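What follows is a single structure, written as structure tokens, with notes after it.
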């Protein structure tokens, strides 16, 4: 019996996932639990596993499509079965033909007509709506010359691209050699304004992938990278960021960690000690444990501590919920668990939101100090640098050298002023220098 | 005097650049220390082709019996052939002089020494130019062989001024120049031995083309000693080592043709800070050197060593100076060996393409399938090879040996420059009956 495979819901807040890569082709035999595709939310990526065994009868989406959760993405069943009833609304009846790599053609149909197939239905309808469209004559002429008609400014009614617009472009374009023309059509390449051949003729070596930059490998901004980019620029554009720098003497924090080990208690990292101190200090400085929402400020009762984690796919910030209820041991094990989930890509999207304050640490990468960027709408983020040896005047007036750790607190000056932020830092430093772990 | 453009050297780069620049309205100076036309016209291409034609005419007269032509009392008057050669050179030099006059190019005879800031010292007088093109050419290389300084040892320039035929000619170096002179002397019944250090003659060519050329020259009586390194040149003998030991051959004229070297010394180049590559003056694909306003073209850059490459490089330089973007391309640069039969090639060989990671399809045909060829060259072998890029069917190279194939290589050059594919070339009509049809026939045979 034909079984549809749906896009699973990855956490309550997720409405769609990017299907980043198909792992199977139409016609492949799969077993239950086989990985069909890699999918990605704005926070993490996951394997999409088959819930049935049989032949892959249809793949309804192309790589990089944004697929609504619970929509059918594929059908598994016996060869002769009809898949139309499972086709998601708005999808064309031609099954999507597999991977873009020519080395592993999915099926005979896939190799027969890979080129002329228009872009994915989702993309095509989107771009047509965006302009007044392209006339069929213009489209034919443009295709013949390897021009993307959609990208032209139209001179027809309401900006419709008509034949005249394509002709105007062609007459001002350099000639393409026979090889260059054939390649630009078959490989979807674009030609520069002037080529390196006879009298500026474009040779095949002059063609480039649309949007590519000479001497650089191109990759598209999507998935987590896209989300990070949007969040970062939004943070810098909508907040009034100010960073305060301080440092604390490490002696007691290090001693505390050693004492724990000597007493047979679990091992905690310096980062755990700092996280715990943050949570405690925020209890006394609630104005930094808040979201700035333009006309309102939400000050949280409990601390939900975000911890920045570096992963292969980019920066992720898992959140320790209700951290103010936890002991240092619990915080330590939560951080380990969440960071591991981020690195393995198994983290639930629900664990990647809802933070009230963020801790970020670049000290282990040799960074001395840096100015963290706010994880808006949070109003504060603490950056931890690397160990710096500093002179200290002792009570007897002599100078000795001690290890110190720089702290950089970025605040949103819309919500918090410099002095309260400084007082929070002072309290944090005091705690770490005198009563770490308590 | 202040010029817009000064050209040092009046060879195929220099006079072409001067004419083009002056034609574009630049006040132009052309400096030459010897004769207008450079090595090409005075010591190379033009005189050697004149003498080769003399030898070929004699050879045809002697071997015309298959056409029913026999000659009694046939003789070869070498000095007369030289007189014809000199006449041709004078005529061409007058032509260049006339062109320079017509285009109002100032021509100064003398040696130019570059000074900083685009100044040039010529015959003690200082001149200045916004742009300077260095095209001082090249000279025969002098390998460190004991005995090379003797009077009967000549280079390619010397042999063109030798008006008596030797009893036996020994050619050191089986490259293009060595093969052309070997063919010339063998055609007029002088026994010739070519000593080549590499395992095959003309090592830059497709190996099968080289081997076919060698077989044809052997038919004319040229003897080849391959893989042979010359150890010493004596009064009447040359000692060489072919890997098995030292051997000697007798010869009363020795031609040393072991390549050429760029003319870069004594001209102030190093003093003004010009940068050099291992082959000559370092210039980019526009002909620009490291110094602003100083350009280089032709053999002095150590690229290509061909007169027509030099002319094209010069055009590229002038185009860039006069505001038209132009860059030198070498992938459709034809090369010819003017032996009988001639060799003419353009583009990549199959091996070269595959070394660059290009997948190929190729075809080959003997010239003997071509009606015009066997009608006119009954005793001569020949070969044509075509290389296509597998993925695009684009023409990558055409390699020929046979007849006067130098006259038809431009067709293949144009096809490569235009990046024509098999699909287009198949629709091109070749006149019948011509030797050029071989190119189309080989296309049909490409697999």
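Take the alpha carbon atoms of region A:344-371, find their center, do the same for region B:229-293, and report the distance between the two centers in whole angstrom.
The distance from the Cα centre of region A:344-371 to that of region B:229-293 comes to 66 Å.
At q = 0.14, 0.18, 0.21 Å⁻¹, what log₁₀ I(q)/I(0) does a Debye calculation on the Cα points of region B:77-209 give, no solvent, two decimals?
-0.93, -1.10, -1.25
Within a 10 angstrom radius of each residue's Cβ in B:387-395, how many Cβ atoms of other chains show up on average? Whole number is fine.
Numbers: counts 0, 0, 2, 0, 5, 8, 3, 8, 2.
Average per residue, whole number: 3.
Based on the Cα gyration tensor of region A:198-306, what are the three equivalent ellipsoid semi-axes, each the root of five times an eigenvalue, rounded to whole Å and given largest first?
The answer is 49, 25, 13 Å, longest axis first.
I'd like the orientation of helix A:223-238 relative to chain A: the angle between its Cα long axis and the longest Cα principal axis, in ° from 0 to 90, rounded to 10.
Taking the Cα atoms of chain A, the angle to A:223-238 is about 60 degrees.
Using a 10 angstrom cutoff on alpha carbons, build the Gaussian network for chain B and name the most mobile of B:375, B:17, B:81.
Comparing B:375, B:17, B:81 in the GNM, the peak value goes to B:375.
How much mean residue ellipticity at 222 nm does chain B get from its helices, if each DSSP H run of length 4 or more adds -39500 (n - 2.57) and you divide by all residues, to the nearest 500 deg cm²/dmol? Mind dumping the intermediate values first?
Working: 13 runs with 136 residues, N = 447.
Helices in chain B give a 222 nm mean residue ellipticity of -9000 deg cm²/dmol.
From the helices alone, meaning DSSP H stretches of at least four residues, give me the mean residue ellipticity at 222 nm for chain A, per-run term -39500 (n - 2.57), in deg cm²/dmol to the nearest 500.
Working: 10 runs with 119 residues, N = 438.
Here the helix-only value at 222 nm equals -8500 deg cm²/dmol.
For the protein assembly as shown, go through all pairs of different Cα atoms, get the mean of 1/r, take its inverse, and jot down that Kirkwood value in Å.
Values: mean 1/r = 0.0284 Å⁻¹.
Kirkwood radius, the protein assembly as shown: 35.2 Å.
Take every Cα-Cα pair in region B:251-315 and report what % of them are more than 19 Å apart.
Numbers: 742 of 2080 pairs.
The calculated P(r) of region B:251-315 puts 36 percent of pairs beyond 19 Å.
So if R0 is 60 Å, what FRET efficiency would residue B:104 and residue A:66 give, r being the distance between their Cβ atoms, rounded to the nearest 0.05? Show your work: numbers first, answer last.
Numbers: r = 70 Å, r/R0 = 1.16.
My answer for the efficiency is 0.30.
For residue B:391 paired with residue B:261, estimate the spin-label separation in nm (one decimal), with each label point 7 Å from Cα along the Cα-to-Cβ line.
It is 4.4 nm.
Between region B:378-400 and region A:180-201, what is the C-alpha centre distance in whole Å?
25 Å
Who wins for biggest fluctuation among A:241, A:265, A:254 in a Gaussian network model of chain A, springs between alpha carbons below 10 Å?
Among A:241, A:265, A:254, the largest GNM mean-square fluctuation belongs to A:265.
According to a simple spin-label model (label point 7 Å from Cα along Cα-to-Cβ), what is the distance in nm between residue A:89 and residue A:13?
2.7 nm
Pairwise over distinct Cα atoms, reciprocal of the mean inverse distance: report the Kirkwood radius of region B:229-283 in Å, one decimal place. Intermediate results must be reported in sequence, preceding the final value.
Numbers: mean 1/r = 0.0687 Å⁻¹.
Answer for region B:229-283: a Kirkwood hydrodynamic radius of 14.5 Å.
Just counting partner chain Cβ atoms within 10 Å, what average do the residues of peptide A:177-187 show around their Cβ? Intermediate results must be reported in sequence, preceding the final value.
Working: counts 8, 13, 12, 3, 2, 7, 5, 0, 0, 2, 2.
Taking all residues of A:177-187 together, the mean is 5.
Beyond 25 Å, what percent of the Cα pairs of region A:311-438 remain? Could the numbers behind the result be given before it?
Values: 2825 of 8128 pairs.
Everything past 25 Å amounts to 35 percent.
Report, please, the projected area of region B:143-257 averaged over directions, based on the convex hull of its C-alpha atoms, in nm².
Averaging across all directions leaves 6.6 nm² for the Cα convex hull.
Starting from the Cα of residue A:327, step 7 Å toward the Cβ, then list every residue of region A:394-438 with an amide N under 13 Å from that point.
Within reach of a label on residue A:327: A:438.
How large is Rg over Rh for chain B, taking Rg from the Cα atoms and Rh as the Kirkwood inverse mean of 1/r across Cα pairs?
On the Cα set of chain B, Rg over Rh gives 0.98.
Could you put A:158, B:200 in order, starting from the residue whose Cβ has the fewest other Cβ atoms within 10 Å? Each step should come with its number before you reach the end.
Working: A:158 8, B:200 17.
Placing the least packed residue first, the sequence is A:158, B:200.
So what is the relative contact order of region A:223-434, in percent, for Cα pairs below 8 Å that sit 6 or more residues apart? Can you show the working numbers first?
Details: 409 pairs, mean separation 62.0, N = 212.
Relative contact order for region A:223-434 comes out at 29 percent.
How large is the translational diffusion coefficient of region A:223-434 in µm² per second when you combine the Kirkwood radius over alpha carbon pairs with Stokes-Einstein at 25 °C and 0.890 mPa s? Mind showing how you got there, number by number?
Numbers: Rh = 17.7 Å.
The Stokes-Einstein estimate is 138 µm²/s.
Enter the Cα centre distance for the pair region A:28-91 and region B:186-223, rounded to the nearest angstrom.
Their Cα centres are 68 Å away from one another.
When chain B is modelled as a GNM with alpha-carbon springs shorter than 10 Å, which of B:392, B:193, B:70 fluctuates the most?
Comparing B:392, B:193, B:70 in a Gaussian network model of chain B, the most mobile one is B:70.
Over the residues of region A:317-380, compute the C-alpha Rg and express it relative to 2.2 N^0.38 Å.
Numbers: Rg = 12.8 Å, N = 64, 2.2 N^0.38 = 10.7 Å.
Against the empirical 2.2 N^0.38 Å value, I get 1.20 for region A:317-380.
Just to be sure I understand the curve: with the Debye formula and one point per C-alpha of region B:351-391, what is log10 I(q)/I(0) at q = 0.27, 0.28, 0.35 Å⁻¹?
-0.83, -0.87, -1.13
With the convex hull built on the Cα atoms of chain A, state its orientation-averaged projected area in nm².
Values: hull surface 120.9 nm².
For chain A, the mean projected area of the Cα convex hull comes to 30.2 nm².
How long are the semi-axes of the equivalent ellipsoid of region A:124-206, defined as square roots of 5 times the Cα gyration tensor eigenvalues? Whole Å, largest first. Provide the component values of the computation, followed by the final result.
Details: eigenvalues 131, 35, 18 Å².
Each semi-axis is √(5λ); the values are 26, 13, 9 Å.
Translational diffusion coefficient, Stokes-Einstein: compute it for region B:162-321 using the Kirkwood radius over C-alpha pairs as Rh, at 4 °C and 1.567 mPa s, and state it as an integer in µm² s⁻¹. Could you put the intermediate results ahead of the total?
Working: Rh = 17.9 Å.
Estimated diffusion coefficient is 72 µm²/s.
Counting only DSSP beta bridges with both residues in the protein assembly as shown, tell me the antiparallel percent, nearest 5.
Beta bridges within the protein assembly as shown, antiparallel portion: roughly 70 percent.
Between residue B:66 and residue B:139, what's the calculated FRET efficiency when r is the beta-carbon distance and R0 is 45 Å? Round to 0.05. Let's see the in-between values first.
Numbers: r = 43 Å, r/R0 = 0.95.
So, using R0 = 45 Å, E works out to roughly 0.60.
Where the Cα atoms of region B:335-444 are projected onto their three principal axes, how long is each span, largest first, in whole Å?
Per principal axis, max minus min of the Cα coordinates gives 39, 28, 20 Å.
Can you tell me the mean projection area, over all orientations, of the convex hull of region B:281-328's alpha carbons? Units nm², please. The partial results should precede the final answer.
Values: hull surface 11.3 nm².
Mean projected area of the Cα convex hull: 2.8 nm².
What FRET efficiency, computed as 1/(1 + (r/R0)^6) with R0 = 56 Å and r the Cβ-Cβ distance, is obtained for residue A:240 and residue B:329, rounded to the nearest 0.05? Kindly include the intermediate steps, with their values, before the conclusion.
Working: r = 57 Å, r/R0 = 1.02.
In this case the efficiency is close to 0.45.
With the cut-off at 1.5 for a/c, could you classify region B:202-242 from its C-alpha gyration tensor as rounded, prolate or oblate? Numbers along the way, then the final one.
Values: a/c = 3.61, a/b = 1.80, b/c = 2.00.
In terms of gyration-tensor shape, oblate.
Bear in mind these aren't lab numbers, they're just calculated from the coordinates by the rules spelled out. Because the structure is predicted, anything quoted here is derived from the model rather than measured. Quick reminder, even Gly has a Cβ in these numbers, built from the backbone with ideal geometry, and neighbours come from all protein chains shown.
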